[in-house]
Amino acid sequence: MTAAPLVIGVDGGTESLRVALFDLNGREQAVATAAYPTHFPAPGQAEQQPEDWWRALCTALPEAMAKAGAKARDIAAIALDTTCCTVCFLDDKGRPLRSALLWMDVRASAEAAALLATGDSALKINNGGNGPVSAEWMIPKASWVKQHQPDIYDRAATIFEYQDYLNFRLTGVVAASSNNSGVRWHFQHDGAGAPRSMLAALHMESLADKWPQKMVAPGDIVGGLTAQAAALLGLHADTPVVQGGADAFIAMAGLGVVRPGQLALVTGSSHLQLALTDQAVHGAGIWGSYANVLRPGLSVVEGGQTSTGSVVNWFRRHLAGGADYRTLDGEAASIAPGCDGLLAQDHFQGNRTPYTDALSRGAFVGLSLNHERGHMFRALLESVAFGSRLVLETMGMRQVAVDDIMLCGGVARSALWTQIHADILGNAICISPAASAPALGSAMFAAIGAGHFADLDEAAAAMVATPHIVEPDMAAVRAYAEPYARYRELYGALKGVKAA
C-alpha cells in the first residue's frame, strides 16, 4: 500500500502510452504501459487511431493502480503529455472522422512551403522567420486535409491534437493546451493569439474556428473526470484532469528546468535543447522563443540535432558488425580526445539548428590507415557533442544564458558519451534519476493543479530528485579546443558537396 495522496502522470508516446503513479516527493510508485499500432499508408505518411490511445489509457491506468495498491481516494489529480503535432479531426459529436496524422507524418511538405511563403510575422519562431516550416506542424497538416480531403475538413467541428483528444475523452471538455498550440500552431500566447493573418493568406480562416476556443495552460485544470471515464478507469468522478502538453517540453519540468539559466538536453535518436528565458528571443539558428508555453512570464528557446543516437546506432549495425555498445565504448575510451585528427560531421539527416539545412549530410574527414573502428566510433560521439556545443553557442549569441544542463535519455546510458558531452561543452552535466522525465513532469503539473504546490518552483523542489553530476575534465576541455574549431569549419567546407 502507498501513502496518499498520489498523482498520475501519463506519457503518450509514439509506440505506447505509459502511466506512472508518483507521491508528492516525486517517488514513482508504479508504472504500466500499453502499446498501439502505427499505420503507414504511403511513403511519408504515418497515422494512428485515436480510439487506440483511449484503449491504451483504459488498460494501463488500472494496471498501474493495481501495482501500486492504490485506491480511487488516493488520487489527487491526473495530467498527461503526448507526442506533439499528432492531429485529430472530430465531427460535431466528438467522433474521429479519420485517422490522426502522427507527428512524423510529412505528407504536407507543399503546404508547409506555402505557409512559409506568406511571410507572416508569426513565422518569427521559425529560425527568425527564415524557416523552414516543418510539414509535421499543425497548420500544414490541416491544410493538406483541406486540399485533399475537403469533405473531412468541412465536416470537422474540432481540429486539435492527441493531447486534447485524451483530455476530451476524460472530461468532455473541448480545450487545447497552450503548450502545444504555442510551440507548433503559430499561436502566440503573448497577446496576438491565433495567427489569423497567416490563415487568411492561406485561405484557411475557418481553421481558427475549428480549433478549441478554450486554451488551458500547463498546471491549470481542464475539467473533472466524467462519470463514464471514472468508471472505466477506476477513479472517482470529478477527479481533476490537469493540463500538460508536448512530451519534450513537459520533460523540462521533470528534469527541474524551471527557470532561466537552465537547459534540458533531451537525448535519444535525436537531441533537443530547450532553455527558459525571461525575454523574447527570435533569430537565425534557433527556434522560438515560445512565450508562456511552460509557465507564465517565461519563454522557451529550442535547438535541435536531427540525427544523434540514430547515427551511433547506424554505425553499430552497419560498420561495427552489430557489436554491443559496451565493447564500442571500451574501444573509444582508449583513444585520446580528438581521435588522432579524425573528425565526423553528424548531419546524417540534415541539420536542424543552427544551419537549418535539410540537404547537409554526414561525413568522416581526415581518415588515415592509422585509424581503427574505435576512432570512427569516438569521432561520431564527439561530433554529436560538438553539434550540441554549436547550438548552445548560438543560443548564447541570442543572449540566452545556460549555466545548468540537465540531461535525460540515451546519452545517460553511456558514461563515456556523457563525459564527452561534459568535456566538449565545458560544463557539468546533471543526469536525471527519473525513469521518465515526461511522466514526472506531467505528475508535477497534476500536483500543482490539485493545489499541493503553488508553482513549478515548489513542485521541482519537492519532486525532482538530486541528479548525478558529471564534471568536465579540464585537460580534456583544453584538448577539444582545436578539434572543435576544425569541426566548425566542416559545414562550410562540405556545403557545396550535395548528396545525390
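Take the cross-link list LYS93/LYS141; LYS93/LYS210; LYS93/LYS214; LYS67/LYS93 and give me the ones stretching past 24 Å between alpha-carbons. Could the numbers behind the result be given before it?
Values: LYS93/LYS141 22 Å; LYS93/LYS210 14 Å; LYS93/LYS214 18 Å; LYS67/LYS93 35 Å.
Violating the 24 Å Cα-Cα cut-off are LYS67/LYS93.
Set the Förster distance to 56 Å, then compute FRET efficiency between SER368 and LYS93 from the Cβ-Cβ distance, nearest 0.05.
Computed FRET efficiency for SER368 and LYS93: 0.25.
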Next item on the list: Convert each backbone phi in the stretch 108-121 into a coupling constant with the Karplus relation 6.51 cos²θ - 1.76 cosθ + 1.60 (shift: θ = phi - 60°), then list the ³J(HN,Hα) values in order as whole Hz, x for Gly and Pro.
Entry: 8, 5, 5, 5, 5, 5, 5, 5, 4, 5, 5, x, 5, 4
Margin query: How would LYS141, LYS93 line up from fewest to most surrounding beta-carbon atoms within 10 angstrom?
Written below: LYS93, LYS141
Item checked: Long-range amide H partners of GLY268 with built H, under 5 Å -> GLY309, GLY410, VAL411
Notebook entry, point to check: Taking the stretch 6-249, how much of its Cα-Cα pair set, in percent, is spaced more than 35 angstrom apart?
Noted result: 15
Item checked: Separation of the THR466 and ALA117 label points, Cα + 7 Å toward Cβ, nm -> 5.9
Notebook entry, point to check: Pulled fully out, how much extra length does the chain show between GLU205 and GLU393, if you take 0.36 nm times their separation in residues and subtract their Cα-Cα distance?
Noted result: 63.8 nm
Notebook entry, point to check: Which whole-Hz couplings ³J(HN,Hα) result when phi for each residue of the stretch 53-61 is put into the Karplus expression 6.51 cos²θ - 1.76 cosθ + 1.60, θ = phi - 60°, listed in order with x for Gly and Pro?
Noted result: 5, 5, 4, 4, 5, 5, 8, 6, 5
Checklist line | Protection proxy ranking, peptides 383-392, 315-324, 144-153, average beta carbon neighbours within 10 Å, highest first | finding: 383-392, 144-153, 315-324
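Would you mind putting 332-345, 246-259, 408-421 in packing order, based on average other-beta-carbon counts within 10 Å, highest first? Don't jump to the answer; show the numbers that get you there.
Numbers: 332-345: 18.7, 246-259: 27.3, 408-421: 20.6.
Packing order, densest peptide first, comes out as 246-259, 408-421, 332-345.
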Margin query: Please list 3J(HN,Hα) in residue order for the stretch 277-289, calculated via the Karplus relation 6.51 cos²θ - 1.76 cosθ + 1.60 where θ = phi - 60°; whole Hz, with x for glycine and proline.
Written below: 9, 9, 9, 5, 9, 9, x, 4, x, 9, 10, x, 7
Notebook entry, point to check: Cβ under 13 Å from GLU482's Cβ, GLU482 left aside: what net charge do those residues give with Lys, Arg +1 and Asp, Glu -1?
Noted result: 0
Notebook entry, point to check: Share of antiparallel DSSP beta bridges in the chain, in percent to the nearest 5?
Noted result: 70
Margin query: As I understand it, the dipole of the chain uses +1 on the Cβ of Lys and Arg and -1 on the Cβ of Asp and Glu, about the Cα centre. Which of ASN427, LEU207, ASN180 lies farthest toward its positive end?
Written below: LEU207
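Values in this text are rule-based calculations from the coordinates and carry no lab data. Computed from a predicted structure; not experimentally measured. Ideal geometry is used to build each Cβ from the backbone, glycine not excepted, and the neighbour counts take in all protein chains shown.
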